[in-house]
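The values are calculated or read from the model by the stated rules, or taken from the named source; none is laboratory data. Here the structure is a predicted model, which is why all the values come from computation and not from measurement. Cβ placement follows ideal geometry from the backbone for every residue including glycine, while neighbour counts extend to all protein chains displayed. To get the accessible areas, we keep the full protein, side chains included, count just its heavy atoms, and leave off ligands, DNA and RNA. Shrake-Rupley method; radii C 1.70, N 1.55, O 1.52, S 1.80 Å.
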Amino acid sequence: MTAVATAPSTLKARPATRQRRIRPRRIALHAFLIAAVGLWLFPLLWAIYAALRPVSETLFNGYLSWPKTLNLNNFTTFWTEADLPYFYINTLVIVVPAVILTLLLASMVAFCCTQFSWKFNLVVLMLFTAGNLLPPQVIIVPLYWVYLHTPIPYFGSIDAGRFSFALFSDNGLLYDQYVGIILIHVVFQTGFATFVLSNYMKTITKEITESALVDGANVLRIWWSVILPLCRPALAAMATLLFTFIYNDFFWALVLLSHGNKRPITSALNNLQGEFLINYNLIAAGALLAAIPPIIVFIALQKHFVAGLTLGSTKG
């Protein structure tokens, strides 16, 4: 009986497995993505390849040749002869204060425009956002004149070896000063940061602010102790973007700084060009070394970066 009873169950027909059809659209999409990745990686791989080759071999055999020698001499040469640690300090002195000031100002504006209802909140938000639509090159002539004619006091300097940071200006002007570069970055990045942070703060219910006001907290205390902790993912995401944008700047430092010893590392790479010969292998090694700090910042904040970009995308 048991054999007869179990026989029909074993004879049940198994459902036929369907084979997925590979659509031409999917093949084209994957081919496009692979080509885009290859196109994006090619300059990076080419820079690594050039940085590992001696310049003598490149000049003799050309760039499109099989390498005979691969070493790290270009990296060590750039680190020592180009005084890379000094320019790292120059860059961080500009980038870190600019990022902090931009986040503080942008979060204040976004907080006022999203958590309170007043007559001109939308107009103010639109003005800050519209500032990103202005090309910087349009105002370079009047801005250059302002920097040459704006008096700034001198309150001493912070000295550490060869490095000297003037408080606020060592020539009485905004021109050729760290403070001038910091201010111009804050001005041009605050609009974009305000736009992103305001979209994120719209997801925070206004009842939190109203409850804090009822409990007796002032506006600054609510902004600092209540809203900013809730916006930590968005602030981390914006800090990553702002660090990358300001760190990679080449234009403002080249125009508004006259002394090469005050320029950040991206503008300092321009000093490697000789009058009769340009060592592209050494420049490639310098560019790779200069790219290390933004990569470290992104790795350190990547979880907050992704969370900050996605959490503010929908309301509720």
Under 12 Å from the Cβ of PHE163, count the other residues' Cβ atoms, weight Lys and Arg +1, Asp and Glu -1, and hand me the total.
0
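Scanning the chain for helices, which whole DSSP H stretches are 27 Å or more long along the axis (Cα) and average -1.0 or more by Kyte-Doolittle?
Span-like helices in the chain: 24-51, 84-115, 178-201, 292-311.
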So if I take the centroid of the Cα atoms in the stretch 222-287 and the same for the stretch 140-154, what is the distance between those two points in Å?
22 Å
Of all the C-alpha pairs in the stretch 65-141, what % are more than 22 Å from each other?
60 percent
Share of carbon and sulfur in the accessible heavy-atom surface of the chain [1.4 Å probe, %]:
70 percent
What are the residues whose amide H is under 5 Å from the amide H of LEU173, where those residues sit 5 or more places off or on another chain and H is modelled from the backbone?
ILE152
Lysine pairs in the chain 8 or more apart or on different chains: how many have alpha carbons under 20 angstrom apart?
4
With springs only between Cα atoms under 10 Å, which of LEU148, LEU84, LEU29 fluctuates most in a Gaussian network model of the chain?
LEU29
Give the long-range amide H neighbours of ASN279: residues separated by 5 or more places, or on another chain, with amide H under 5 Å away, using H modelled in the peptide plane at 1.01 Å from N.
GLY274
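How much accessible area per residue does the chain have, in Å², with a 1.4 Å probe?
63 Å²
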Under the rule of -39500 (n - 2.57) per DSSP H run of 4 or more residues, summed and divided by the residues of the chain, what mean residue ellipticity at 222 nm is obtained, to the nearest 500 deg cm²/dmol?
-20000 deg cm²/dmol
Check LEU167: other-chain or 5+ apart residues with amide H under 5 Å from its amide H, H built from backbone geometry?
PHE155, GLY156, SER157, ILE158
Mind jotting down a quarter of the surface of the convex hull over the alpha carbons of the chain, in square nanometres, one decimal?
32.4 nm²
